[in-house]
Each structure stands twice: as structure tokens, then as C-alpha cells.
Amino acid sequence: MARVLVKFFATVREVTGVKNIEMDADTIGQLLDNLQETFGERFTQTVIDPSNGKLKQFFSCMINGKRIELLDGYDTILVDDDAVALFPPVGGG
Amino acid sequence: MFGVGGEILWVDMTKGKIEKVPIDEELVNKYLLGAGYLSKILYDMIPAGTDPLGKKNILGIATGLLTGSMFPQASRHVVAALSPLTDVWGESHAAGFFGAELKFAGYDAIMFTGASSDPLYLNIEDSKVELLDASHLWGKDVFETDDILRKDHDRQFRTLSIGQAGENLVRFSAIMNDRDRASARSGLGAVMGSKKIKAVSVKGTGKLEVADPKNYLKQMDIFYERMMANPFTPGRVKYGTTSLVEMMQHIGRLPSYNMKQGVFDGYEKISGEAINEKYLVKARADFSCLQRCGRYTAVRKGPYAFEGGSPEFETQSSMGSRCGNDNLESILFGHHLANQYGMDTISLGGTISWAMEAWDEGLLTAEDTGGIDLSWGNAETIIKLTKMIALREGFGDVLADGSAAAAERIGRGTEKFVMTVKKQEIAGQEPRAQKSMGLAAVTAARGADHLYAFPVLDEAGFDKEIKERFGEQYLPEMADRLNPKYKGIMVKECEDFMVMVESVGLCKYGTQIPPEFYYDDIALTLKIHNGLNFTGNQLQEIGERIVNLNRLFNARFGVTRKDDCLPDRLTKEKAPLGPSAGEVVELDQMLTEYYDVRGWDQETGLPLKETLERLGLDYE
């Protein structure tokens with residue numbers, strides 16, 4: 001398993017109550033499962049779409065600045081020291 | 001026509017004459033209102049060789065066809081003229097309440113020609129329109145001007161004005177409205193100053209008659225529900241655009257140290273979280289606005305104490321990371337000062353950061369600056385220079401013409417630190433981390449600009465919208481911010497859509513990001529609100545026509561492909577740090593694709609004859 005740093009922002013941070021956490025996981029899918037377990041129902045309700053168990057529309061999950069959709073999605077393999085960021089819908093300029 | 005004021009005010013500042021002219025419906029059919037309408041009028045009336053600060057320049061202020069309606073975020077007005085910063089097409093937009101009020105008074109636009117020798121302001125109270133003496137207002141800042149005008153007339157008036165920066169012809173001065181809403185880019189405050197127009201005050205008690213009231217109310221309810229249910233809306237209300245700092249840091253797109261890099265160590269100190277934690281007073285909404293990204297903030301004590309409008313992401317970046325400044329209170333206060341004096345914070349921060357890099361490289365010294373220390377992150381200097389630029393005092397006078405002009409004056413190799421396109425400072429999108437933004441900055445009609453196209457579809461995961469708007473064959477490349485492929489196609493499509501949006505008076509929030517409303521929604525509303533029959537395809541063609549007309553305007557002032565370029569730093573030097581390290585902007589590749597889909601000549605970058613004929617445009 002890889003040890004990664006997960007950072008939370010804006011409304012996601014409000015439900016985790018912490019800015020970041022170190023966590024062990026093999027893939028992004030597994031990491032999201034672990035996060036739900038750690039932070040409980042409120043985290044799940046905020047971040048996860050109950051119809052498919054994936055991130056809600058427009059929530060961004062990035063590994064080292066790259067959106068998971070442009071990697072291998074939820075199957076993306078994590079390696080030690082990856083920086084994972086979890087954002088609610090945000091964008092623009 | 002329904003849903004409009006019905007008349008254009010033509011104000012001859014030389015003769016002091018005001019004429020009311022009915023809106024030209026034929027022009028509306030080809031260009032809509034707002035940005036499109038002004039594009040056509042100014043193209044027809046501003047010849048080559050015009051001095052932007054001379055009597056022959058024309059300043060237009062226009063509402064859109066939906067400004068003042070119940071469509072979400074229908075608050076916008078546009079100002080346009082030949083720009084004194086870029087010497088090409090100048091255009092800027094703002095929200096607030098001024099545009100809607102102007103329409104309620106019965107006017108869709110104001111066109112200022114000539115120049116007065118004495119300061120005047122235009123006062124509009126429904127059918128009563130008069131030019132009044134403004135000598136008691138000249139020298140006052142934007143807030144004082146608003147206070148005096150609303151005291152002299154009544155509190156219901158809405159004002160648009162320039163501060164000292166516009167009076168002093170600072171080439172990136174803004175036209176402000178509703179105190180702290182800014183038409184900031186292109187330096188059009190200086191055009192207003194050159195004509196000695198201090199302000200426009202307006203009160204409108206009229207009504208907008210809509211074409212199909214029953215369906216209009218029903219449809220606006222549906223749009224209201226859609227906007228409120230959009231996943232972006234809660235975050236916009238809570239953070240405005242301020243939380244973009246964190247996001248941009250994480251993709252390496254936060255311009256820092258004069259765009260040397262796209263990451264900033266002090267980003268958390270200037271973030272949206274930091275503003276909300278200590279300084280946020282409340283969110284604010286403009287006319288018909290459901291996104292409510294405006295906000296009020298306050299610093300309660302110390303040298304930077306104030307209460308007023310709050311910076312958005314652009315100012316956090318331009319007066320913060322771009323200058324290496326992590327002192328949040330100075331950013332909040334600097335933004336407040338820029339509003340007070342009436343200046344564009346993007347060009348202000350961009351110009352100061354140019355000077356800071358030149359200082360850091362030893363090319364500017366205390367002898368040049370009058371003893372001011374321009375070290376990175378010196379918050380005191382940033383505040384001091386903000387005042388000095390507005391008042392054109394000392395070294396501030398050198399910076400008041402923008403970084404390109406300042407570098408030309410100083411020389412000594414400082415030119416290579418100028419981060420502009422067509423002499424306008426590049427906004428807060430480090431383009432090595434989002435290639436579409438690099439292309440958009442060079443193709444925008446008003447010089448460096450993220451908003452003319454606002455190509456955000458590759459930024460936050462809009463794969464579904466890309467599939468719907470363009471087709472699945474463009475994925476995944478178009479959605480990848482680091483891949484230059486298909487960005488020419490994307491920027492072209494976004495430009496056509498955005499200039500159309502700016503011609504109906506809507507905000508880019510709600511149309512482009514989040515991409516909730518698209519052509520068909522706007523076509524439907526133009527039918528039930530204005531009684532105009534356009535298809536979505538026709539609206540797209542109007543957008544394309546406006547973009548081409550803006551290009552023809554610029555061609556008149558010498559613009560060709562050679563001017564569509566970025567600073568070498570962004571195309572030749574690899575981003576040194578962060579998630580986009582190693583990247584450069586592959587501009588030529590994207591530009592070639594863009595000209596191709598635009599129907600523009602690859603060598604000159606100008607519209608081909610057949611393109612103009614297809615769009616029904618005359619050409620010289």
C-alpha cells in the first residue's frame with residue numbers, strides 16, 4: 001500500500017474538520033472508501049453520489065495536480081508520497 | 001421590440017448636446033445589443049490613426065438585451081472604446097445595478113463623442129437627461145463621488161464614475177459603478193477622463209415590457225430552480241471566486257513572482273479560506289444574481305483598516321502571489337484603494353510585479369524609484385505605489401502607463417520581464433499550466449484577456465459538456481489542460497459563445513462556468529422576453545460575426561499574426577516548479593488550429609474574404 005497525503009478544500013474541509021490527512025491505499029477508489037470510513041456519513045453525503053458510489057458531479061480529485069479522469073479514474077494506482085487533493089465544484093478565473 | 005429601453009443617448013461632449021435616437025433594430029438582428037452593438041458602431045466610426053485620448057475616440061456604454069430581466073445574473077453592462085493601454089479594441093464589463101437602472105430609465109446605451117474642456121457629469125432621471133457641472137466632483141474618489149451624487153439627487157440613483165486614476169489618464173484606469181463594481185480592463189477610465197466625463201448618475205422608474213409575460217414568468221422560475229440546484233452555486237455563495245487560489249495552486253496555475261512560476265508558498269495565507277476565516281462580512285448579489293460571488297470584507301484595525309468590496313481571485317493573485325506578497329490585509333486594502341481611485345487590479349499588480357522582478361535583477365535601483373524598496377512581497381511598497389500610480393506621483397507616473405510602456409521608457413533589458421499581450425498585462429492564469437488560457441490571451445480582441453473566450457472547459461472536469469458541445473471524438477485531449485490539441489477549436493467556440501453572452505447582458509458565471517445555460521436557453525429567453533426569433537445556431541453565428549468584426553477593428557490599427565504572441569518566458573522557458581513543471585505553451589500549434597477553424601489567413605491572422613462574406617461583413 002502507498003502512503004499518500006490527502007488535502008481537503010472549501011466545503012469538503014468543512015466536513016472533514018482537518019486540512020489534510022495521511023492515509024494508506026492502493027488506488028483512488030480504495031482511498032475514497034477509506035475516507036468515508038474515517039470521516040463518516042457527513043463526508044459521504046457531501047462528496048459521494050449515492051446512485052453510483054463515485055464522486056458527485058464536478059467534484060475534483062487530483063493526484064499531483066492531475067484530474068483522475070485523465071489518469072485511470074478510480075483504478076489509478078497510488079504510490080508513496082503522492083499528493084491527493086479533493087475539491088468541491090470550483091473553477092473560473 | 002420588447003425588453004429594452006428603446007433609445008440610445010448620443011452625448012456630444014464638445015458641444016454639450018444630447019440626442020435621443022431609437023435603437024436600430026436592424027443592427028440588433030445582426031449584432032444583438034451590448035458588446036455586439038458597440039462593436040459595430042465603433043467599427044463604423046473610429047478611423048485608423050485615432051488618438052485614444054483625443055476627441056475623436058468614442059466611448060460607448062451599453063446594456064444587453066436581457067440586462068434587467070429575471071434571467072439568472074442578468075446584471076451586466078459593457079463599456080467600449082479604442083483603448084489607451086493597448087491602442088486596439090478596448091472593452092470591459094461589469095455587474096451591479098447600473099445597467100438595469102439605465103434600462104428602466106428608457107435607454108439601452110450611451111455614446112459619448114468629442115471632449116469637454118470642463119468636467120461634466122451626465123444626469124439621467126427617466127426622460128430628463130442633462131449634462132451638469134462636475135467641477136465640485138473633479139479630484140474626488142469613486143466613493144466620494146457616489147456619496148455626493150446620491151446626496152445631491154437622491155439615494156435611489158445609481159452611479160458610474162471615474163476616480164483620480166481616470167482623471168489622471170492612468171492607462172489602466174477603470175470605469176466604476178455602484179461604488180465597487182469595475183469595468184476595469186483596457187484603461188477606459190482614461191478615455192472617460194480625457195473627455196472630462198466624471199460620472200453618469202441614473203434613476204429609472206420605468207418598466208420593461210416583455211413579449212410573452214406568462215411564459216416568461218414560468219420559464220424564469222425553471223431557470224431559477226436550475227441555477228439554484230447547480231452543484232457550483234453553494235460554493236460560489238460561500239467563497240465567491242476566492243477559493244480558486246487553492247485550486248490554482250494545485251494545478252500550478254497561480255501566477256507568482258511575475259509569472260516566473262505557477263505556485264506560491266504563501267498561498268494558504270491569501271486563500272479564500274483565510275478571507276472567510278477573519279475578514280468576510282457577507283456575500284453580496286448584483287441585479288438578478290443567484291451566484292452571489294461578490295462579497296464585502298473588512299479589516300478592523302491597523303494600517304490596512306477598511307470596510308468595503310472584497311477582492312476576487314484575480315486581485316488575490318495580482319496583488320498577492322504575483323508580487324510575492326502573502327500579507328492578506330494588504331491585498332484586501334490594496335484592492336479597496338484600487339476601487340477608490342478607479343484602477344484595474346490585474347494591470348496594477350502586473351505592472352508592480354514587473355518592476356519587482358526588474359529590481360530583483362538589479363535593473364531598477366533606488367535612484368529610479370525615488371528610494372522605494374521594490375523587494376518581492378513588500379506589502380508597504382505595493383500600497384504606496386497604488387496611490388502614487390493613481391495620482392501619477394514620482395515613480396508612480398512611470399508605472400501609470402502600464403508595464404510595456406514603463407519597460408520601453410526604462411530599457412536596460414527590463415523588456416523581457418513584461419508579461420503582456422498587446423501591452424495589456426496577462427491575467428491570473430499561468431498559461432503553462434492551462435494551455436487554452438495561453439491561446440485565449442493572444443486571440444482576445446482587447447489584448448491579454450482570460451474572459452473573451454473564458455475557456456474553462458478543460459479546467460474543472462467538464463468532459464460531459466465537451467462531449468455535448470463538441471463531440472466525443474475530442475476527448476480526452478480537449479479536457480486535458482496540458483494538452484494543446486483541440487484547444488484552437490475550443491477557444492473559437494468559447495469566444496463565439498462568450499461575446500454573444502456579453503451582448504445579451506448575462507454573466508459568464510451560469511453560462512460558461514458552471515455551464516448551466518447554453519444557446520438554446522438564451523434563444524428561448526430572447527423570444528419570450530424580447531420577442532426576437534433566433535435559433536441557437538443563429539446566435540452562434542452572431543457571436544462569430546462579432547469576433548470577426550473586432551478582428552477587423554484591430555487590423556485597422558495594424559494587428560496581424562505577429563501580435564498574437566506571448567512573452568518568451570511562457571513559450572520557451574519550462575515552468576520550473578509545481579504540478580505543471582516542465583511545461584511550456586505550444587502557442588504556434590494552437591494558433592494554427594485556431595486560425596484554421598476561424599477561417600483566418602495563416603500568415604496574416606486576418607479573416608479570409610470568404611469568411612467575411614459568409615458572415616455578411618463588409619471589409620476594407
- For residues in segment B:242-252 being more than 22 Å from the chain's Cα centre (by Cα) and either under 15 Å from B:Pro515 (Cα atoms) or at the interface with chain A (Cβ under 7 Å from one of its Cβ atoms) (or both), which is surrounded by the fewest Cβ atoms within 10 Å (Cβ to Cβ)? B:His250
- Message: Could you list, ordered by first residue, the pairs with Cβ atoms under 7 Å in which the first is in segment A:51-62 and without any contact (Cβ under 8 Å) to a residue 40 or more places away in the chain and the second is hydroxyl-bearing (Ser, Thr, Tyr) and surrounded by 13 or more Cβ atoms within 10 Å (Cβ to Cβ), at least 6 apart or interchain?
- Response: A:Lys54/A:Tyr74
- Message: Suppose we filter segment B:433-447 for residues that are away from every other protein chain (no Cβ under 12 Å) and either assigned to a helix (DSSP H, G or I) or among the small types (Gly, Ala, Ser) (or both); how many remain?
- Response: 8
- Take B:Gly96 and decide whether it is touching a residue at least 24 places away in the same chain (Cβ under 8 Å), surrounded by 24 or more Cβ atoms within 10 Å (Cβ to Cβ) and part of a loop (DSSP other than H, G, I, E, B). yes
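Is it true that A:Thr16 is closer than 25 Å to B:Glu459 by Cα, modelled with pLDDT of 95 or more and under 13 Å from the mean Cα position of the chain (by Cα)? If you could, list the steps in order and put the result at the bottom.
Numbers: closer than 25 Å to B:Glu459 by Cα: yes; modelled with pLDDT of 95 or more: yes; under 13 Å from the mean Cα position of the chain (by Cα): yes.
Judged against the criteria, A:Thr16 is a match.
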- Quick one: would you say B:Leu137 is on the phi > 0 side of the Ramachandran plot and touching a Ser or Thr at 6+ places or on another chain (Cβ under 8 Å)? no
- Within segment B:492-529, of all residues that are assigned to a helix (DSSP H, G or I) and of a type in the set (Gly, Ala, Ser), the one nearest to B:Cys289 (Cα to Cα) is B:Ser503
- Might you check whether a residue that is crowded, with 18+ Cβ neighbours inside 10 Å, out of contact with any Pro (no Cβ under 9 Å at 6 or more places or on another chain), among the polar types (S, T, N, Q) and closer than 20 Å to B:Ala338 by Cα occurs anywhere in segment B:182-193? yes
- Note on the structure: Residue hits (segment A:38-93; over 20 Å from B:Arg253 (Cβ atoms) and facing another protein chain (nearest Cβ under 7 Å)) are A:Lys56, A:Gln57
- B:Val491 vs. criteria buried (at least 24 other Cβ atoms within 10 Å of the Cβ), closer than 23 Å to B:Asp108 by Cα and either within 14 Å of another protein chain (Cβ to nearest Cβ) or touching a helix residue (DSSP H, G or I) at 6+ places or on another chain (Cβ under 9 Å) (or both): no
- Task: Name, by its number, the condition in (1) within 22 Å of B:Met478 (Cβ to Cβ); (2) modelled with pLDDT of 95 or more that does not hold for B:Glu613.
- Result: (1)
- Taking B:Lys422, is it basic (Lys, Arg), within 14 Å of chain A (Cβ to nearest Cβ) and farther than 18 Å from B:Glu593 by Cα? no
- Message: Restricting to segment B:207-252, give me the number of residues that are part of a loop (DSSP other than H, G, I, E, B) and of a type in the set (Val, Ile, Thr).
- Response: 3
- Query: What are the residues in segment B:221-261 that are out of contact with any helix residue (DSSP H, G or I) (no Cβ under 8 Å at 6 or more places or on another chain) and closer than 30 Å to B:Phe157 by Cβ, if any?
  - Reply: B:Tyr224, B:Arg236, B:Val237
- Task: Taking the options A:Arg42, A:Arg3, A:Arg13, name whichever one is assigned to a strand (DSSP E or B) and not aliphatic (A, V, I, L, M).
- Result: A:Arg3
- Note on the structure: Note: among B:Tyr239, B:Tyr224, just one is facing chain A (nearest Cβ under 7 Å) and of a type outside the set (A, V, I, L, M, F, W, C), namely B:Tyr239
- Task: Please find, within segment B:452-481, the residue that is farthest from the other protein chains (Cβ to nearest Cβ) out of those that are surrounded by fewer than 21 Cβ atoms within 10 Å (Cβ to Cβ) and touching a residue at least 24 places away in the same chain (Cβ under 8 Å).
- Result: B:Arg469
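The values are calculated or read from the model by the stated rules, or taken from the named source; none is laboratory data. Computed from a predicted structure; not experimentally measured. Note that each Cβ is placed from the backbone with ideal geometry, even for glycine, and that neighbours are counted across all protein chains shown.
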